[in-house]
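J.: Sharing a structure, written as C-alpha cells. Questions coming.
The values are calculated or read from the model by the stated rules, or taken from the named source; none is laboratory data. Remember, predicted model here, so these are calculated numbers, not experimental data. Quick reminder, even Gly has a Cβ in these numbers, built from the backbone with ideal geometry, and neighbours come from all protein chains shown.
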Amino acid sequence: MILQNFYLNTIVILLASYLIGSFPSAYIAGKIKGIDDISKIGSRNVGGMNTITNVGKFAGVIVIITDIGKGALAAYLADRFSDHIFIPLLAVVFAVIGHNWMVYIGFKGGKGVSTFLGGLLYLSPISFLFLYLLFIPVALFIIKDSYLATAVGFFFFSFFLWVSKGFLHVLWFHGFGGSFWWVIFGFLVTIVYSIKCYSFIKSYYTEKRKDIHPVVKKIFKPFFKGM
C-alpha cells in the first residue's frame, strides 16, 4: 500500500488511474501529423479507430497499443499497491473514465474500449479471448451495430466472468476470477461506455441507425458477408 489508510490509498490509486487514462495518445498523434484537434474530424472520437481513419494506419496502431497500455498500467499499479480484489477492477474503470473524458484536452476523449481491454489483459488474459471470439462477434452478428453490440457484449461478458470460476479456475491470473466483483465491474464499464456512446445507441432505436466501422468489419469479416 502507498498509504496506510485504506480509503486514502484507494483515492490515490483511482486518481492516478484516471490521470493515466487521460493521456491523449490519439490527440498527440494527430498533432504530430499536423491535425489541430482530432476530436473535430471524422467520428470526433479521440481514439484508435478515428486515428486509423484520419491520421494513418501506423499511427492508429500505436495509439491503440498505447491505450491498451493505459488500462494494463492502471490495473498493475492497483494490484501492486492495494490488497483488495476490487481495487484493480475499479482502477480500470477510472482509467476508462479518464480515457473517455481526458482532463488534459478539455474532457474530450474516446470510447474507452482499448483501455478496458488493456486492464482485462492484465487481470484475466484468457477472458480476453472469450470476449473477442464469442461475446462481441455474437452481439455484432445479431445487432449489426458496433456501439450497441459492444455495450451488450460487455454487459453479458461480466456475468460470464463471474460464473466461469469452475471451468476456468486454473487459468485466472492473480486469482481475480470467479468473484461477484466482476459483475459490478462489468456494470460500471457498460454504464461508462453507454454514457459516452448514448447518442449513437439512442439513434439505433430512434433513427434505425446501424453502423459498423470498416476496421471492425475486417476483424470480424466472416460475420458480415454481404454487408
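J.: What are the residue pairs meeting all of these: first residue in segment 132-149, first residue of a type in the set (D, E, K, R), second residue at pLDDT below 90 and assigned to a helix (DSSP H, G or I), Cβ atoms under 6 Å, and 6 or more apart or on different chains?
T.: Partner pairs satisfying both residue conditions: Asp145/Tyr204.
J.: Now a separate question. Please go through segment 101-119 and give me each residue that is more than 10 Å from Tyr18 (Cα to Cα) and not in a helix (DSSP H, G or I), ordered by number.
T.: Gly106, Phe107, Lys108, Gly109, Gly110, Lys111, Gly112
J.: For Ile68, are the conditions met, namely being under 17 Å from Ile184 (Cα atoms), surrounded by fewer than 24 Cβ atoms within 10 Å (Cβ to Cβ), outside the structural domain of Tyr198 (by TED's automatic domain parsing) and in contact with a Gly (Cβ under 9 Å, 6 or more places away or on another chain)?
T.: Against the criterion (under 17 Å from Ile184 (Cα atoms), surrounded by fewer than 24 Cβ atoms within 10 Å (Cβ to Cβ), outside the structural domain of Tyr198 (by TED's automatic domain parsing) and in contact with a Gly (Cβ under 9 Å, 6 or more places away or on another chain)), Ile68 does not qualify.
J.: Could you list all residues from segment 30-49 that are of a type in the set (A, V, I, L, M) and crowded, with 24+ Cβ neighbours inside 10 Å?
T.: Residues satisfying the conditions are Ile38, Val46.
J.: Given the structure, is Leu77 touching a residue at least 60 places away in the same chain (Cβ under 8 Å), closer than 13 Å to Phe154 by Cα and more than 16 Å from the chain's Cα centre (by Cα)?
T.: Taking the combined requirement at face value, the residue does not satisfy it.
J.: If you don't mind, there's one more thing I want to ask. With respect to Gly98, determine if the residue is part of a helix (DSSP H, G or I), without any contact (Cβ under 8 Å) to a residue 60 or more places away in the chain and on the phi < 0 side of the Ramachandran plot.
T.: No.
J.: From Tyr104, Tyr147, Tyr132, grab the single residue that is out of contact with any His (no Cβ under 9 Å at 6 or more places or on another chain), in the same structural domain as Ala74 (by TED's automatic domain parsing) and among the hydroxyl-bearing types (Ser, Thr, Tyr).
T.: Tyr104
J.: From the set of residues in segment 1-29 that are polar (S, T, N, Q) and either in contact with an Asp or Glu (Cβ under 7 Å, 6 or more places away or on another chain) or touching a residue at least 60 places away in the same chain (Cβ under 8 Å) (or both), which is surrounded by the most Cβ atoms within 10 Å (Cβ to Cβ)?
T.: Ser17
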